[in-house]
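The values are calculated or read from the model by the stated rules, or taken from the named source; none is laboratory data. Bear in mind the structure is a predicted one, so any value in this text is a computation, not a measurement. Glycine gets a Cβ as well: all are built from the backbone with ideal geometry, and neighbour counts include every protein chain shown.
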Amino acid sequence: MLPLLRDELATHAAAHRRAAEAYVFATATGAKHQATNIRKRVLAPAVQGANAALAQHEVEPLPDDLTPHSLRRTFASSS
């Protein structure tokens with residue numbers, strides 16, 4: 001894991017006062033998210049927002065069938 005990503009995750013966990021062994025991106029009850037929850041509650045709104053921004057720049061929208069798995073190689077780093 002890149003140090004930049006580790007630091008970002010640690011900052012996020014600290015801001016949410018999570019224990020070291022807890023999920024970094026947990027549900028309101030502290031449980032892990034199910035795949036359907038992530039697609040509906042996180043990914044779909046992010047895609048909508050991104051597509052709105054892309055439309056303003058007349059750029060092709062993201063695909064409707066985008067999944068967390070399809071994003072597995074999208075992390076970019078300048079280091």
Selection status of residue 56, over 17 Å from the mean Cα position of the chain (by Cα), at pLDDT 85 or above and not charged (D, E, K, R): yes
Going through the stretch 37-70 in order, the residues found to be under 22 Å from residue 16 (Cβ atoms) and not small (Gly, Ala, Ser) are 37, 38, 39, 40, 41, 42, 43, 45, 68
**OP:** Might you let me know whether the stretch 46-61 holds any residue that is surrounded by 11 or more Cβ atoms within 10 Å (Cβ to Cβ) and part of a loop (DSSP other than H, G, I, E, B)?
**Re:** yes
- Query: Among the residues of the stretch 10-30, is any basic (Lys, Arg), under 16 Å from the mean Cα position of the chain (by Cα) and surrounded by fewer than 12 Cβ atoms within 10 Å (Cβ to Cβ)?
  - Reply: no
